[in-house]
Amino acid sequence: MMVTALLAEEVSALTNFLQYTFLGLQKGAVYATIALALVIIFRVSGILNFAQGEMATFSTFITWAIWGDGRVPIWAALALSLVVSFALGASIERLVIRPVSKKAAGNPLPIVIATIGLYLAFSALAPAIWGTDAKRFPTLFGEGSLSLAGASISYQTLGTLAVLAVVVGLLFVLFQKTKIGLAMRGVASNAESASLVGVSVGSVLMLGWALSSAMGCMAGALTANVGLNGALMIAPLIYAFAAATLGGFDSPAGAVVGGLIVGLVAEYSADYLAEVPFTTITFIGEQLRIFPAFLLILVVLLVRPQGLFGKPQVTRV
Amino acid sequence: MTAAAAPSELPDTSSEVPTRPNRKALMIKTVLCVVGAVVLIQMPLLMDRSTTQRLTQVLAIAVAVLGLNLLTGFNGQISVGHSAFMGIGAYATAIMMARHESPFILTMMVAMVVAFAVGVVVGLPALRIRGVYLALVTLALAAMFPQLVVRFSGLTGGSTGITLEDTQQVTTPQPVNDLFKSLTGSRLLDNQYRYYLALVVAVVCFVLVRNLVKSRVGRALIAIRDNETPAEVLGVNVGAYKVATFGVSAMLAAIGGSLFVMNADQAVPSEFGIQVSIELLTAVVVGGVATFVGPAVGALALVYVSDLFPKEHPEYAPVLFGLTLIVLMIISPGGIVGLAKQGWARLVRSRSA
Amino acid sequence: MKSRRGLTRLLAVGLVGALAAVGCANKQDTGGSSGGGGTGGTAAGGGSAFAVGTDKCNDPAKATAALSGNEIKFGSSFPQSGVLAAFADIYKGWDASFKAQNASGGLNGKQLVAITKDDGYQPEKTKTNVQEMIDKDNVFALMGVVGTPNNLAIRGSLNKDCVPDLFAATGSQLMGNPGKYPWVIGSLPSYATEGAVFASYLKQNKPNAKVGILRQNDDFGEGYLDAFKQGIEGTGITIVGTETYEATVTDVASQVTKLNGTGADTLLLAVTTLTCPNAIKSVAEKQGWNPLVYVSATCASKTLMGLAGDSGKGVITGIYLKQPADPQWANDPAMQKYKSTLAAAGITDQKEVDNTIIAFGYTIGDLLIQTLQKSPNLSRQAVMQTAYNLKGLTPGLVLPGITVNTSGSSDPYPIEQLQIGSWNGDFFVPQGEMISYEGKTSTLVDQTKGQN
Amino acid sequence: MLWVENLTGGYGPVQVVQGLSFEVAAGEVVVILGANGSGKTTTLRTISGMIHGRGTVTFDGTSLLGKRPDQIVRMGIAHVPQGRGTITDLTVEENLRLGAYVRADREVEEDIEQWCAVFPRLGERRDQPAGSMSGGEQQMLAIARALMSKPKLLLLDEPSLGLAPLVTREVFEKLESINRETGAAVLVVEQNAGLALGISSRGYVLETGQIVAQGSSEELSTDEAVRQAYLGY
């Protein structure tokens, strides 16, 4: 009798653990996608794009507008929106970042401020155009879930992880197997030398921004089924920054691993640390969900100042 | 006191102009300073109280921006976490004034001490963590501050914040009022008193920071910013300087926070979130990085920017603000002060020619 | 964006106005009958009227002087840019009612004028805006200022300026403290009233409910919790689990997972904005779990409930306004007047007409006009005093049976009656009787909380 | 082939190079001698489009000024920068492959094999990150990478810098044979006059941004001033 009760408790604990793991992985996959976008721009240009999240939100509004409540199939709308976002990212590099970088002559602050300018502009643009009420956005993979050891794993979770895998795969092929990918890595490592073998650094930077923008669009589409409004990416961006920092800002692999770790740690800590350390006192809990993730980062950085996967390097900012 | 202090704050618009000092330039500067001081002092007497309140707000933010400029502009450490230090100052003042009826100046001093200590602790990782990674550690601080406030709602009033009751607010002390009345014949209104209090605090901060930066310490800070290794070779204790700068910078931000609460009679966590950190950084650069007038100009721009855009479509105002920032960075990475310096240099050249 | 933390709270405030209602039956109800809230209406009647004093005013004469000139200016501050700008729609509603009044000759021959400023939901900005409107624009009173901290930021200085802050658009129970802050009055049913109403409903319909609570981690969520706890004292209803979430997050899947583990058969979701549909969807995803779900009245808009899809069917909430989209009211005179008023103000887009935020704005606009008409004269003091001594008004689109009564400190809340409604995919179908806490809300609220 | 006349250039307001004129003919090896700070690097960087210059710089009759570095590479000029500029995060093979970035032909693989044969060390370390190699090996890699673009003119910025004398000698020997076999012209700027003059046909001497002497390599080797300044005897 007691044994069965204990067993049931164990099973339910396992079920809960699995449930939190799935939730953490799903969120982590989104963080990883945005972190990858941040890392790509940072690697090729040393720029921290504060507007990444707001650009992604704007792209998601574009996807939503094309989709038109089912007028166009969502995947077709997304494909079109990815192209638009790609072009948008490229134009931003060309029209905003390049002129500012040229004038800033090595000082990172004006570029930081320019990305903040983009952040402000994009954050207001979508609500101004399409209104501030929350929009319905479909789940890309349909409603429903699979059951695994009592825990449910939704199609959305599986799909999000699959998308992350595909994105990582495509990036791997791009970086390792194509000429332009080689050029991007060359620019990331040594822009001057890359330009001396004939790589157009400007084009590579444009491509980097374009890719990042498209990835933001993808991340937005994975998230927006919770309802689309201008605040869509505010919280995910913070976690993505954390993920990129943890993984190492110059490492795409680090961004992915960092994203998943941050997703899981945030989930577990809110669900477990709330009760564990001090019997009656809730210590971390929901309010400070972000706290353990950042604590982890601080510890990692103190041991490895360049992040888990980053290369030791001279100060860039 | 304000009259004497204000002039020393202004002339720096021109300190780096590569022309030889000449009598005419000096004269223009002096005139500018005197005019500036007179304007600063006369302002609240000429303006209505909403303007006075906004100007007090400018002064509060200017002190916080001054702190961030010391850290980022002069010492090269980017912080996206200064909203938290401002918040520490704000909450120290709000809690002490609301719960213990403490005098404002005392609360500000406590705010300074607490913020300095927290600043030093946050600055410690800077010994090892650099550049973008440090910026993101400070981002964590900014992200967590409002959450901590809500977490400890018993002390902080949670998300509703703390609103000072009439009896707890900063009002004109009777002796000051009497003195003012004997001089001018009219009462010194509370908001005017608050403005002058903020002005005195701000001027003292600006003068102290200016003296600090012009001193041996300041040269060390700048040496560290420009290149750490040679600075170290020259015998500068890089670590100690960096951590101490973090502390002082945090302290200034906290003073700004205290002044903010004095002016607003309220501390709400949402007013000390990441967005504010970003605004402070924006003000540093928009004003002019590593200048002395920059923080004041940046704070002024921040508070008054919304007035610049057409009122018919307020939803587009942030879009225009964003685009303005970008255009400013393309025209003048040195911010408004940089722009003014270019103009000033031209003026001096043409006048003295 | 500065106010992300406050965003959902603000939405909470605004969306209470988005209450959808359908009255298929039960029109016989009046304020008096209730499942446990006591008898309504009595507190408001008789007794000595609440007086608004002017001795603390900087300029008492100004507060008691009757308005001269041929217009009455009202100022309002609310977010007009960014994510929060949805609440500018409240203004559209009351401005339309102003225009209609002006078209019919104004009020005592004076034209009603609205002046608005954008505060981006930053209380500090609200304060500056309000001072500017008082000093420069010379507004007679403030109307429909949005947000709890924003109204808290101005109430102190209003004690000295003695300018009324009428029908503030917040459901915070903190707005009802006229003993200390007589110049501010709220408008929405308070979150505490709602929590108590749900407790009453359970006592009648599910006396042994095991309740799981998900609440936003702020005063909004707390308002529900405290009142609900009071309401279930001494009953068979138990709270089996409480989870919180941060206003910045809309995804509450893990909290719902935990509540699922508590064995709750009833859920009180003190949530708002996008968390509404997400929480509802998360509950529906749990197989073999079909609790009775109550969502905050702030969730009761077609937009938010629509986002929940089929999962939303059967979810209940408290309602107090006739929903414009509901055909039930097509021939209702109040609804027809609403629609013609909007049309006259140039609002003809069906989406806007059906927008319950605009309907709420219209209702408080009407409430303001009726208050002004009841006022013995148009001085600030008289109008404020009238607002705190209202009897039996039925402004705008309030449901049959709801009357607005106030009586100073003992009854500072205009609307304290709610009916439970069940979402059928298009609107909330009323269930049972009007539940009244008329005159009782202040007993549910600890005014010292959050007031330092 | 390369024609430079009255070239002025530098960083910001500082003009490091002040009115240079020189030329390089097809297939020729030309050396520019100069001490630190004389403007050698600036000259090369101006030619390859890294910094802006004024004056006349034409290559096969086309003006180079105002063109971007990548456009100039496509015209047939490869620049091995000072400090070698190997891309340390990429492997040796990837460096070589990137060297062929401007080419669209299908012989890239063969050329990689060829240069790995010419520089056997590179062949041995094909899959290692370039950053893990010694200075001399990196210099070889930088040259091989430059040659992967099949240039008509190779610009070399102080290839001897930081290398042991023996390694330097080897580098110059390779350069000589490359010039002979590929027919690419070479413009090398150096402080190490002995080796440089050994492989070049003509030379210029640069001081504080101006040409102070020029002539055939033999003439320069025997010039008293040059000998004292650059040959040390």
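Values computed for the structure shown
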{"read-out": "Residues being among the hydrophobic types (A, V, I, L, M, F, W, C) and crowded, with 21+ Cβ neighbours inside 10 Å - total across region D:25-45", "value": "6"}
{"read-out": "Residue, surrounded by the most Cβ atoms within 10 Å (Cβ to Cβ), within region B:48-96, restricted to residues that are part of a loop (DSSP other than H, G, I, E, B) and aliphatic (A, V, I, L, M)", "value": "B:Val80"}
{"read-out": "Members of region C:276-293 found to be crowded, with 24+ Cβ neighbours inside 10 Å, within 11 Å of chain A (Cβ to nearest Cβ) and in contact with a strand residue (DSSP E or B) (Cβ under 9 Å, 6 or more places away or on another chain), listed by number", "value": "C:Cys276, C:Ala279"}
{"read-out": "Region A:97-108, residues that are open to solvent by 20 Å² or more (accessible area, probe 1.4 Å) and either without any contact (Cβ under 8 Å) to a residue 40 or more places away in the chain or at the interface with another protein chain (Cβ under 7 Å from one of its Cβ atoms) (or both)", "value": "A:Pro99, A:Lys102, A:Lys103, A:Ala105, A:Gly106, A:Asn107"}
{"read-out": "Residues of region C:122-138 that turn out to be more than 7 Å from chain B (Cβ to nearest Cβ) and open to solvent by less than 30 Å² (accessible area, probe 1.4 Å), as a count", "value": "5"}
{"read-out": "In region C:189-217, the residues that are open to solvent by 10 Å² or more (accessible area, probe 1.4 Å), touching a Ser or Thr at 6+ places or on another chain (Cβ under 7 Å) and in a loop (DSSP other than H, G, I, E, B)", "value": "C:Lys206, C:Pro207, C:Asn217"}
{"read-out": "Odd one out for A:Ile111 among (1) crowded, with 21+ Cβ neighbours inside 10 Å; (2) touching a Leu at 6+ places or on another chain (Cβ under 8 Å); (3) within 11 Å of chain B (Cβ to nearest Cβ)", "value": "(2)"}
{"read-out": "C:Leu142 being at pLDDT 95 or above and among the aliphatic types (A, V, I, L, M)", "value": "yes"}
{"read-out": "Meets criteria (away from chain A (no Cβ under 14 Å) and closer than 21 Å to B:Thr138 by Cα) for B:Gly273", "value": "no"}
{"read-out": "Any hit, region A:213-225, residues being buried (at least 24 other Cβ atoms within 10 Å of the Cβ), at pLDDT below 90, over 28 Å from A:Lys311 (Cα atoms) and not charged (D, E, K, R)", "value": "no"}
{"read-out": "Cβ-Cβ under 7 Å pairs, at least 6 apart or on other chains, region B:293-320 side within 14 Å of chain A (Cβ to nearest Cβ) and buried (at least 20 other Cβ atoms within 10 Å of the Cβ), far side part of a loop (DSSP other than H, G, I, E, B) and small (Gly, Ala, Ser)", "value": "B:Gly294/B:Gly288; B:Pro314/C:Ser81; B:Glu315/C:Ser81; B:Ala317/C:Ser81; B:Pro318/C:Ser81; B:Pro318/C:Gly82"}
{"read-out": "Per-region count, region C:144-165, residues more than 8 Å from every other protein chain (Cβ to nearest Cβ) and either in contact with a helix residue (DSSP H, G or I) (Cβ under 6 Å, 6 or more places away or on another chain) or free of Cβ contacts under 8 Å to residues at least 24 places away in the same chain (or both)", "value": "11"}
{"read-out": "Set C:Asp326, C:Asp310, C:Asp332: member being charged (D, E, K, R), open to solvent by less than 10 Å² (accessible area, probe 1.4 Å) and at negative phi", "value": "C:Asp326"}
{"read-out": "Residues located in region D:171-211, provided they are over 16 Å from the mean Cα position of the chain (by Cα), in contact (Cβ under 8 Å) with a residue 12 or more places away in the chain and open to solvent by 60 Å² or more (accessible area, probe 1.4 Å)", "value": "D:Glu207, D:Thr208, D:Gln210"}
{"read-out": "Verdict on B:Arg194 being within 14 Å of chain C (Cβ to nearest Cβ) and either more than 19 Å from B:Ser83 (Cα to Cα) or open to solvent by 50 Å² or more (accessible area, probe 1.4 Å) (or both)", "value": "yes"}
{"read-out": "Complete set of residues in region D:120-157 that are of a type in the set (S, T, N, Q) and in contact with a strand residue (DSSP E or B) (Cβ under 9 Å, 6 or more places away or on another chain)", "value": "D:Gln128, D:Gln139, D:Ser149"}
{"read-out": "Residue within region D:85-105 that is exposed (fewer than 15 other Cβ atoms within 10 Å of the Cβ) and over 24 Å from D:Glu173 (Cα atoms) present", "value": "yes"}
{"read-out": "All helices (runs of 4 or more DSSP H) inside region C:74-174 with 2 or more residues being in contact with a Lys or Arg (Cβ under 9 Å, 6 or more places away or on another chain), under 30 Å from C:Leu225 (Cα atoms) and of a type in the set (S, T, N, Q)", "value": "C:148-161"}
{"read-out": "Near pairs, Cβ below 6 angstrom, 6+ apart or cross-chain, from region B:224-247 (within 20 Å of A:Asn107 (Cα to Cα)) to any residue that is open to solvent by less than 90 Å² (accessible area, probe 1.4 Å) and of a type in the set (S, T, N, Q)", "value": "B:Arg225/B:Asn75"}
{"read-out": "Odd one out for C:Thr303, checked against (1) in contact with a Leu (Cβ under 7 Å, 6 or more places away or on another chain); (2) open to solvent by 10 Å² or more (accessible area, probe 1.4 Å); (3) in a helix (DSSP H, G or I); (4) of a type outside the set (Gly, Ala, Ser)", "value": "(1)"}
{"read-out": "Test for D:Thr43: is it touching a strand residue (DSSP E or B) at 6+ places or on another chain (Cβ under 9 Å) and not small (Gly, Ala, Ser)", "value": "yes"}
{"read-out": "Unmet criterion (only one of (1) assigned to a helix (DSSP H, G or I); (2) open to solvent by less than 40 Å² (accessible area, probe 1.4 Å); (3) within 14 Å of chain C (Cβ to nearest Cβ); (4) farther than 20 Å from A:Thr157 by Cα) for A:Phe50", "value": "(1)"}
{"read-out": "Evaluation of C:Thr273 against (1) open to solvent by 30 Å² or more (accessible area, probe 1.4 Å); (2) of a type in the set (Val, Ile, Thr); (3) not in a strand (DSSP E or B) (one fails), failing number", "value": "(1)"}
{"read-out": "Selection count, region A:288-308, where residues are more than 9 Å from chain B (Cβ to nearest Cβ) and either in contact with a strand residue (DSSP E or B) (Cβ under 7 Å, 6 or more places away or on another chain) or in contact (Cβ under 8 Å) with a residue 60 or more places away in the chain (or both)", "value": "1"}
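Residue by residue, here is whether (1) open to solvent by 10 Å² or more (accessible area, probe 1.4 Å); (2) of a type outside the set (S, T, N, Q); (3) over 23 Å from A:Asp133 (Cα atoms) holds:
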site	(1), (2), (3)
A:Gly208	no, yes, yes
A:Leu228	no, yes, no
A:Met233	no, yes, no
A:Leu237	yes, yes, no
A:Phe241	no, yes, yes
A:Thr245	no, no, yes
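One line per residue, one yes/no per condition, for (1) more than 14 Å from chain A (Cβ to nearest Cβ); (2) farther than 25 Å from C:Glu433 by Cβ:
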position: C:Leu304; (1), (2): no, yes
position: C:Leu307; (1), (2): no, yes
position: C:Met335; (1), (2): yes, no
position: C:Leu342; (1), (2): yes, yes
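The values are calculated or read from the model by the stated rules, or taken from the named source; none is laboratory data. Keep in mind that this is a model prediction, so the values were computed, not measured. With ideal geometry, Cβ positions are generated from the backbone for all residues, glycine too; neighbour counts draw on all protein chains shown. Just so you know, the surface numbers come from the protein's heavy atoms only, side chains and all, with ligands and any DNA or RNA stripped out. Shrake-Rupley method; radii C 1.70, N 1.55, O 1.52, S 1.80 Å.
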